[in-house]
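Visitor: This is the structure, below, for whatever I ask next.
The values are calculated or read from the model by the stated rules, or taken from the named source; none is laboratory data. Here the structure is a predicted model, which means the values were calculated and not measured. Neighbour counts run over all protein chains shown; Cβ positions are idealised from the backbone, glycine included. In case anyone asks, the SASA skips ligands and DNA or RNA and just uses the protein heavy atoms, side chains included. Shrake-Rupley method; radii C 1.70, N 1.55, O 1.52, S 1.80 Å.
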Amino acid sequence: MDYIKIFSPATVANVSCGFDTLGFAIANLGDEMTFVKTPTKRVDITEITGAELPYDINSNAAGVVVQKMLKDAKADFGIQITMHKGFFPGSGLGSSAASSAGAAFGVNKLLGNKFSDLELVKYAMLGEEVACNSKVADNVAAAIYGGFVLVRSYNPLDIVKLPTPKKLRLVAIHPQIQIRTEDARKVLPDQINLKDAITQWANVGGLIAGLYTKDYKLIGNSLEDIIVEPHRKKLIPHFNKVKNAALNAGALGAGISGSGPTIFALCESDEIAENVSVAIEKSYRNVGMDFEIYSSKINRKGIKILHSY
Ligand code: HSE
C-alpha cells in the first residue's frame with residue numbers, strides 16, 4: 001500500500017466514573033487524514049485544515065507518532081501527512097487523540113500491519129504526551145478499538161474492548177471555549193478519600209456490567225463522577241444547568257466529556273436523544289456563548305479506511 005485516507009473518530013473519555021480508564025468513540029464526528037509513502041526517509045506534514053496546529057513534526061502529535069513508528073520498523077521510506085480536523089482542539093472530544101490514533105493506524109497500514117492494536121495505542125499515547133503532557137490512553141484506545149473500551153492497566157498496558165448496547169445514543173454540547181487538558185488536570189487533587197473511591201469504583205463496575213447486560217437503567221445509575229466532575233465543572237459555564245436539562249429530558253446520565261468543556265449525555269433511543277438535544281439547546285440559548293450540539297450513534301468499529309492504493 002502506498003496511500004491511505006482514513007476517518008479517525010472523536011471520542012468521549014472518562015465516561016463520568018472512569019477517569020483515564022474508560023472511553024468510547026463517536027460515529028459521525030472526527031478527522032480525515034491521508035498518508036503517502038515517499039522515497040526519501042522524511043516525515044512531512046503538507047496540509048492541515050480545520051484547526052491551527054503545528055507543522056513541525058516534533059511538535060505535532062501525528063508527526064511524533066509517525067516518526068517513532070517508522071524508526072522502530074526501520075522503514076526505508078518516508079511519509080507525507082495531511083490532516084483535516086472535523087472538530088476543535090481543546091473541546092474535550094479527543095482532538096489530539098484522533099490525530100495520534102489516526103497516525104498510528106495509517107502508518108501501520110503502510111507498514112503492512114506490522115503492529116498490533118495494543119501497540120498502536122502505545123504509539124498513539126506518545127502523541128497524547130506531546131499534545132497534553134500526559135500519556136493517557138482512554139481517548140486513543142477508543143479511537144483505535146471502536147465502541148467502549150476500558151484501560152484495565154497502564155503498566156503493562158492492557159485494553160479491554162467492551163460491548164456497545166445497540167440503542168445507546170450520544171448527545172453533546174460544546175460551548176465554544178477551549179480548555180487545555182493540561183490545565184484541566186491541574187485542578188484535580190493528588191489524593192482522594194476512601195469513601196469517594198468506593199463510590200467511584202462501584203460505579204465503574206456498574207457501568208461495565210450495564211454495558212454487558214444491556215441494562216440501560218444500570219448504565220444510567222452508574223454515570224456518576226464524584227471525584228473529577230466537582231473540580232472540573234467549575235471550568236465549564238452553566239454545567240449544572242445543562243446536566244439537569246439533559247436528565248430532565250430523559251438522558252440516562254450526563255457528565256464532562258474528557259477534560260471538557262464538552263458536556264455529553266447518553267440516551268436510550270433516537271427519540272430521547274432528540275428531546276435531550278432540544279432541551280440542552282434551550283438551556284444554552286440565552287447564556288451569551290456560542291455552542292455546537294452533536295447527536296450521534298456510538299462508533300463500534302473505530303478508525304475507518306476511506307480510500308487506499
Ligand atoms: N482522561 C483524560 C482527562 C482525557 O480527563 O484528563 C483527556 O484527554
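Visitor: What 222 nm value per residue comes from the helices of the chain, counting each DSSP H run with n ≥ 4 as -39,500 (n - 2.57) and dividing by all residues, nearest 500 deg cm²/dmol? The partial results should precede the final answer.
Guide: Numbers: 10 runs with 115 residues, N = 309.
Result for the chain: -11500 deg cm²/dmol, rounded to the nearest 500.
Visitor: Something else: For the chain, modelled as a GNM with alpha-carbon contacts under 10 angstrom, which of G288, G258, G86 fluctuates the most?
Guide: G288
Visitor: Accessible area of the stretch 169-297 with a 1.4 Å probe: how many percent of it is carbon plus sulfur?
Guide: Values: 3160 of 6350 Å².
That fraction is 50 percent.
Visitor: With a 1.4 Å probe and every protein chain left in place, work out the accessible area per residue of the chain in Å², rounded to a whole number.
Guide: Roughly 43 Å² per residue, with all protein chains present.
Visitor: Further, regarding this structure: May I ask you to list the GluC sites (Glu not before Pro) in the stretch 126-184 that are in a DSSP loop and have at most 12 other Cβ atoms within 10 Å of their Cβ?
Guide: none
Visitor: Fully extended, how many nm does the chain gain between K214 and Y3 (0.36 nm per residue separation, minus their Cα-Cα distance)? Spell out each step's value before the answer.
Guide: Working: separation 211, 0.36 × 211 = 75.96 nm, distance 3.96 nm.
Here the answer is 72.0 nm.
Visitor: In terms of modelled amide H atoms, which long-range or inter-chain residues lie less than 5 Å from the amide H of G302?
Guide: The answer is G146, G147.
Visitor: Excluding E271 itself, what net charge comes from residues whose Cβ is under 12 Å from its Cβ, given Lys and Arg +1 and Asp and Glu -1?
Guide: Values: positive: K167, R169; negative: E268, D270, E274.
Value of the local net charge: -1.
Visitor: Using the basic label-point model (7 angstrom from Cα toward the beta carbon), what is the K166 to S308 distance in nanometres?
Guide: Simple spin-label model gives 2.9 nm for this pair.
Visitor: Give, in nm to one decimal, the length gained when the segment between V278 and T40 is fully stretched (0.36 nm per residue of separation minus the Cα-Cα distance).
Guide: 80.4 nm
Visitor: Tell me the net charge near A143. Cut-off is 13 Å between Cβ atoms, A143 excluded, with +1 for each Lys or Arg and -1 for each Asp or Glu.
Guide: 0
Visitor: Simple spin-label model, 7 Å along Cα-to-Cβ: H231 to L118 in nm?
Guide: Distance between label points: 3.0 nm.
Visitor: What's the center-to-center distance, using Cα atoms, between the stretch 56-104 and the stretch 271-309 in Å?
Guide: Cα centroid of the stretch 56-104 versus Cα centroid of the stretch 271-309: 25 Å apart.
Visitor: Now for a different question. Within the set of other residues whose C-beta is less than 10 Å from the C-beta of K297, count the net charge using Lys and Arg as +1 and Asp and Glu as -1.
Guide: In short, +3.
Visitor: Taking the Cα centre of the stretch 3-162 as origin and charging only Cβ (+1 Lys, Arg; -1 Asp, Glu), how large is the dipole, in debye to the nearest 20?
Guide: Details: 14 positive and 15 negative charges, 93 e Å.
Here the size comes out at about 440 debye.
Visitor: Can you compute the FRET efficiency between Q191 and K241 using 1/(1 + (r/R0)^6), with r the Cβ-Cβ distance and R0 = 22 Å? Round to the nearest 0.05.
Guide: The computed FRET efficiency comes out at 0.15.
Visitor: Given a 1.4 angstrom probe, I'd like the percentage of the accessible area of the stretch 3-162 that is carbon and sulfur, rounded to a whole number.
Guide: Accessible surface attributable to carbon and sulfur in the stretch 3-162 totals 49 percent.
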